[in-house]
1. Just the accessible area per residue of region 39-96, please: how many Å² with a 1.4 Å probe?
2. Would you work out what percent of the accessible area of the chain, with all protein chains in place, is carbon or sulfur (probe 1.4 Å)?
3. How long is the gain from ALA99 to GLU60 if the chain were fully straight, where each residue apart is worth 0.36 nm and the alpha carbon distance is subtracted?
4. For volume of the Cα convex hull per residue in Å³, the listed values are (i) 189; (ii) 108; (iii) 146; which was obtained by calculation from the structure presented?
5. List the relative contact order of region 2-141 as a percent without decimals, with contacts defined as Cα pairs under 8 Å and 6+ residues apart.
6. Each label point is 7 Å from the Cα along the Cα-to-Cβ direction; what then is the distance between the points at ALA67 and LEU88, in nm?
7. Extending each Cα 7 Å along its Cβ direction at ALA36 and GLU108, get the distance between those two points in nm, one decimal.
8. From the helices alone, meaning DSSP H stretches of at least four residues, give me the mean residue ellipticity at 222 nm for the chain, per-run term -39500 (n - 2.57), in deg cm²/dmol to the nearest 500.
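The values are calculated or read from the model by the stated rules, or taken from the named source; none is laboratory data. Keep in mind it's a predicted model, so treat the numbers as computed, not measured. When we count neighbours, we look across all protein chains shown, and the Cβ atoms used for this are built from the backbone with ideal geometry, even at glycine. Heavy atoms of the whole protein, side chains included, go into the accessibility calculation; ligands, DNA and RNA do not. Shrake-Rupley method; radii C 1.70, N 1.55, O 1.52, S 1.80 Å.
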Amino acid sequence: MLVLLPPSEGKAAGGTGPALDLGALSLPGLTAAREAVLDELVELCSADEEKAREVLGLSEGLRGEVAKNAALRTAGTRPAGEVYTGVLYDALELATLSAAARERARRELLVFSGLWGAVGVADPIPSYRLSGGVKLPGLGC
């Protein structure tokens, strides 16, 4: 059985894991699409901060999210189940699960994401900002 989880706008900052490896994420059939969206997001956020804030719908107070997105390729990672925060992820208490339950969660929980498509809760990803409704200029989606 697969359980599909929504992403959260809130994400834990930083990560101590290695840089992103798209080929290591669950659902490898999404790698090419992930690469295209990631390239477009990094390019947008590296080129013009004001345009990026406008496209991403970020307030002045979230200006730092643009720089975070620009560095996604080299940023440290952590398991997706630790990156996403909020009521749902707090209630899951993934860190407190037994080894068997963690393994089952790894196999059966997927998080949908505007950037990654879908990732497993154990997939190493960096913290990012891209809401599902954002239309990236170079992709039209």
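1. Solvent-accessible surface per residue comes out at 53 Å².
2. Heavy-atom surface of the chain belonging to carbon and sulfur, 1.4 Å probe: 58 percent.
3. Answer, rounded to one decimal: 9.8 nm.
4. (ii)
5. Relative contact order, region 2-141: 42 percent.
6. Between ALA67 and LEU88, the simple spin-label model gives 3.0 nm.
7. The answer from the label model is 3.4 nm.
8. About -10000 deg cm²/dmol.
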